[in-house]
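Trainee: One structure coming up, written as structure tokens, with questions to follow.
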């Protein structure tokens, strides 16, 4: 990253211009802080989505299952991307919208009590009318695990 980049009070890289973003293509933008994934969060996600599969919410049964404990829903791990990537970078824009994902893979289960963090790389910047589209690859790591929880290539459109 170049010396002209700034960070906000939280330490997130602030992206302010198309020129700056283009200069950061293929650059690793940084890492988030570690975030604990506790059973209360998993249970809240189950309530919100209606997904009460026993591997997520039944500690007794999950102890006898393939992971030895409850695990976070894959979609819960993905839904934590805004809080994680928001610690890495933010785009100074009038408006932002999620445009989708090119690829999302759930690699390893996130066991209850684990800590996760994200690392992001800016893959591409393209103009779409009044918007700038960023393609960002993010890997969500599990503390102490060799394999990530997930890898995603996400698309965001920003109206500067």
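Trainee: With respect to residue 98, determine if the residue is touching a residue at least 24 places away in the same chain (Cβ under 8 Å), assigned to a strand (DSSP E or B) and closer than 22 Å to residue 35 by Cβ.
Mentor: Details: touching a residue at least 24 places away in the same chain (Cβ under 8 Å): yes; assigned to a strand (DSSP E or B): yes; closer than 22 Å to residue 35 by Cβ: yes.
Spelling it out, residue 98 is indeed touching a residue at least 24 places away in the same chain (Cβ under 8 Å), assigned to a strand (DSSP E or B) and closer than 22 Å to residue 35 by Cβ.
Trainee: Next question. Just to be sure I understand, how many residues within segment 4-19 are closer than 22 Å to residue 127 by Cα and part of a strand (DSSP E or B)?
Mentor: 3
Trainee: Here's another thing I want to ask about it. For the subset of segment 110-142 comprising residues that are over 15 Å from the mean Cα position of the chain (by Cα) and outside any strand (DSSP E or B), which member is surrounded by the fewest Cβ atoms within 10 Å (Cβ to Cβ)?
Mentor: 129
Trainee: Among the residues of segment 8-24 satisfying the criterion of being touching a strand residue (DSSP E or B) at 6+ places or on another chain (Cβ under 6 Å) and over 13 Å from residue 133 (Cα atoms), which is surrounded by the fewest Cβ atoms within 10 Å (Cβ to Cβ)?
Mentor: 8
Trainee: Follow-up. Those residues that are touching a residue at least 24 places away in the same chain (Cβ under 8 Å) and more than 11 Å from residue 155 (Cβ to Cβ), I need them from segment 133-142; list them, please.
Mentor: Those that are touching a residue at least 24 places away in the same chain (Cβ under 8 Å) and more than 11 Å from residue 155 (Cβ to Cβ): 138, 140, 141, 142.
Values quoted throughout were computed directly from the atomic coordinates according to the rules given, and no laboratory measurement underlies them. On a predicted model such as this, the values are computed, not experimentally measured, just so you know. Counting neighbours? That spans all protein chains shown, and the Cβs are built from the backbone with ideal geometry, glycine included.
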